[in-house]
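Worksheet: the structure to be examined is printed underneath.
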Amino acid sequence: MGGVIGISNNSDAAGMAQAGLLSLQHRGQESFGLAVYDDKNKNFGLYRTSGLVMTSLAELDARRFGGKYAVGHVRYPTSGKKTGLLDAQPFVFDTWRGEVSIALSGNIINKEPILKQMRRRGAILQHSSETELIVHLLAQQKGPLLPALNKTLKQIEGGFAAVMLAGPALLAFRDPHGIRPLVLGKAGGAYIVASESSAIEVMGGKYLRDIEPAEILLIENGKLTSSFYTKPKARQNCIFEQVYLSRPDTVIRGRSVSTARMEMGRLLAKQMKDIKADIVVPVPDSGLFAALGFAKESGLPFEMGLVRNHYMGRSFIKSAQAVRDMVVKLKLLPIADIVRGRRIVLIDDSLVRGTTSRKLIKVLRFCGAKEVHFAVTSPPIVAPCFYGINTPSKKELIACTHTHAQILKELGADSVNFITIKNAAKACGGREGPGGYCQSCFTGRYIYKISKATLESR
Ligand code: AMP
């Protein structure tokens, strides 16, 4: 997961980057950073730390980063051995081309064989993430920057979106299927690149367009140069952006994520028309919009039977299961007066390990709920994602290890209902498969061949 931003030509690039990073915080809370290029002194200022952007604002201000160019990153580790500061991005490397800074969101699936070869040749690698690999490959290429980046990106496969500063030149590029999102905007005389359109608005800008799959966009001296490092493949955007990851006010392929989520709820209500219930209760915040759509379609009242404690982070983020369990308990609180004696449709965006739903269903019953019908606005997740969404190994995925009947028993629900792959894509304004959305985690069929070693690494 993770999120990136890039800024070109704003006198307060650091301030703008902070706003952008704050607005992308939901994409990663492990660490964040920004690199600001000062074109007067011709060097980079770098700030990276663990934790939330909010907690470092005073320190960032005190640093007084000068420079009109910046790249920034919020990190949620989906690959790389380490957590914490060492893999916090952006990275700044000193290459024969001068200093280069890079931030990347997503995964490169063929990084292991390339890294192995590099190590054999004596390369010393500091980080365990794919981001360093790109700069290594780039540094090995001779000649001008753009053709060199072209050759570099031809060697890698995966789902990624990245921003890079080579001095004041801002580059933005994306994988050939457009799995991970990346958009371009403008604020006054500044160009902005970001993982989500909502970040551009927060930075005072206007969305212009998506960076296209396989495109390299170079922004230099106020000019945009677009080129393609390979032939763009049929679009396969990650549908988990709409399901869970993106902010509701972000627009993807012309449709706001909130609209897509409401539509998912509406279509799921159609699928579940035979279920008898009294109220629709969302798991806040992830199930809110879907529950609204469900309520509208079904005619059932929307009730806040659960409230969220906003002082707790996303439970997924915690790496140990015991901590995750505790966080779920503290994070979502039942309102007994609302749920008592009611037949509930409980709406959440996804079922991964089953940690959240198992606990919620138990607590709702404890508070007197008569029936709990669990409704999920993504299809069953049966395979891990290798393109940048943090889904665990097959053995941890409840929909992979359990039959439908076993899931029902394990969660303690009266029924468990998933949106179909087709309806999920339809709700997002697209279709399933090539030309539409990546559905690897729902089918186990991957866009790129995943090596045995990579598959077994999960
Ligand atoms: P689980 O409790 O393991 O079944 O996970 C499902 C819950 O985690 C849902 O409430 C989602 O909103 C949330 N979730 C789903 N996918 C992710 C992800 N990749 N990262 C963080 N949280 C997630």
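The values are calculated or read from the model by the stated rules, or taken from the named source; none is laboratory data. Just so it is clear, the structure is predicted and the values come from calculations on it, not from any experiment. Glycine gets a Cβ as well: all are built from the backbone with ideal geometry, and neighbour counts include every protein chain shown. Keep in mind that these areas ignore ligands, DNA and RNA; they rest on the heavy atoms of the full protein, side chains included. Shrake-Rupley method; radii C 1.70, N 1.55, O 1.52, S 1.80 Å.
Odds and ends about this structure:
- Within the stretch 344-361, residues that are at positive phi have Cβ atoms under 8 Å from residues that are at pLDDT 95 or above and more than 6 Å from the ligand (Cβ to nearest atom) in these pairs: G354/I398; G354/I407; G354/E410; G354/L411, counting only partners at least 6 apart in sequence or on another chain.
- One residue from L267, L245 being within 16 Å of the ligand (Cβ to nearest atom), of a type in the set (A, V, I, L, M, F, W, C) and either outside the structural domain of S198 (by TED's automatic domain parsing) or in contact (Cβ under 8 Å) with a residue 40 or more places away in the chain (or both): L245
- Among the conditions (1) at pLDDT 95 or above; (2) open to solvent by 10 Å² or more (accessible area, probe 1.4 Å); (3) β-branched (V, I, T), T356 misses just one, which is (1).
- 2 or more residues surrounded by fewer than 20 Cβ atoms within 10 Å (Cβ to Cβ) and away from the ligand (no atom under 16 Å from the Cβ): qualifying strands (runs of 3 or more DSSP E) within the stretch 59-172: 91-95, 98-108
- Residue match in the stretch 309-321 (condition: closer than 25 Å to R27 by Cα, away from the ligand (no atom under 16 Å from the Cβ) and either modelled with pLDDT of 95 or more or in the same structural domain as I361 (by TED's automatic domain parsing) (or both)): yes
- Restricting attention to the stretch 248-261, the residues that are buried (at least 24 other Cβ atoms within 10 Å of the Cβ) and either among the aliphatic types (A, V, I, L, M) or assigned to a helix (DSSP H, G or I) (or both) add up to 3.
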